[in-house]
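First up is the structure itself, then whatever we jot down about it.
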Amino acid sequence: MKGKLTALVLPVLATKFAFAQLPIVNSTLNQVGEIQQSIQKKLVEPLPARLAKIEPFALSQLPSIAEVITEPLNALPSRLSIPALNNAVEVQLDDGWRAIERQWVMLADNQSIDILQQHGASLLSQQPYPALDVVLLRFTVPASLDSKAALTQILGDDQVATLDRNHVYASQTVDETANPQSSSGPTKFPPKKLPMCEDSLRIGMLDTAIQTDHPAFANTTIVTHSFVENNSQEPQLHGTAIAGLLVGQGHALSPLLPHAQVYAASVFYRQSDFAQGATMLHLVDGLNWLATQQVKVVNMSLSGPDNQILALVIKKLTEQGTVIVAAAGNEGPAAPAMYPAPPELIEVRNGFI
């Protein structure tokens, strides 16, 4: 009898337990249903309505793409230490150009030297340039004298007429993507062009170093000279490209002057992985050397600020019969030429400047 009673009681207890759990199960199902309805409601809401409720990430608070785009790869800081120049500091001036900090250059004379030393200037070098018939004085000034106006107060008019900063110049190249040329062959190389001149000439270059062991120069004569001290990592890309246009030979290369001898003055130092600069005095060093090599045509694929010393040197060279071929700049065909290529010095030959 006891066993039968137990058999009757257990199902009853199980049934009562199941009924006791029903409220919990119902509550859970209700919560799941509410969550499901909430999700469905969110999914059918328009996209802006949903995003507006996520305040920290609202699209209206995101900056424009112009504000978050990275700086150009060749952008430089306002102050830059140059290892190749014994860590001299290159700075951006108020007018936007760059120069070696507080460093000035002028024609040397004893009176100027005495005046500058009396006012706290430090003389760095007094360099003769025989081929240019000038002697240049390079010096640094205290902050109180670091302007043309301040130096004008202590120097005479004739001395100020040949006074300028040791400016920094940048390399310039043609934008090859501006006028792409079609090709009927399977490659994208432009068709070869006839040389501009077949004569054996001496062509001078003021540029970066050149990769002289490049196969394109295997049958050419390139004489190089570097004018930047401690330039162990001197840039080569720009000078190699310009030399390739002039005398490079090989597949898809059309040298403008296939029989020319190139005399290349390496005057550029590395500013960054994407930029290089040359001081005004480096340009003068290179031009003086090219004059001693009896080079009568000099290519200067560079640009920068108008400079009285550089203008004087170019004037002396042109009076000696040297032709200066300077880059007009990368500001577009409608823009004025950039220095040192003022309009009166630009000569156009078959579309090349």
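Derivation of every value follows stated rules applied to the coordinates shown; laboratory data play no part. Computed from a prediction, not measured in an experiment: that's the story for all the values here. Note that we place each Cβ from the backbone using ideal geometry, even for glycine, and neighbour counts take in every protein chain shown.
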Original post:
Counting only DSSP beta bridges with both residues in segment 207-303, what percent are antiparallel, rounded to the nearest 5?
Top reply: 30
Subject >> Gain in span if fully extended, ILE154 to ALA218, counting 0.36 nm per residue against the direct Cα distance >> reply: 17.5 nm
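Rounded to the nearest 20 Debye, what is the dipole magnitude of segment 216-340 about its Cα centre when Lys and Arg each give +1 and Asp and Glu each give -1 at the C-beta? Please report the intermediate quantities before stating the final value.
On the way: 4 positive and 7 negative charges, 56 e Å.
Charge dipole, segment 216-340, about its Cα centre: 260 debye, nearest 20.
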Original post:
Fully extended, how many nm does the chain gain between SER232 and THR318 (0.36 nm per residue separation, minus their Cα-Cα distance)?
Top reply: 27.7 nm
Subject >> Approximate spin-label separation SER78-ILE113, in nm, with each point projected 7 Å along Cα-to-Cβ >> reply: 3.7
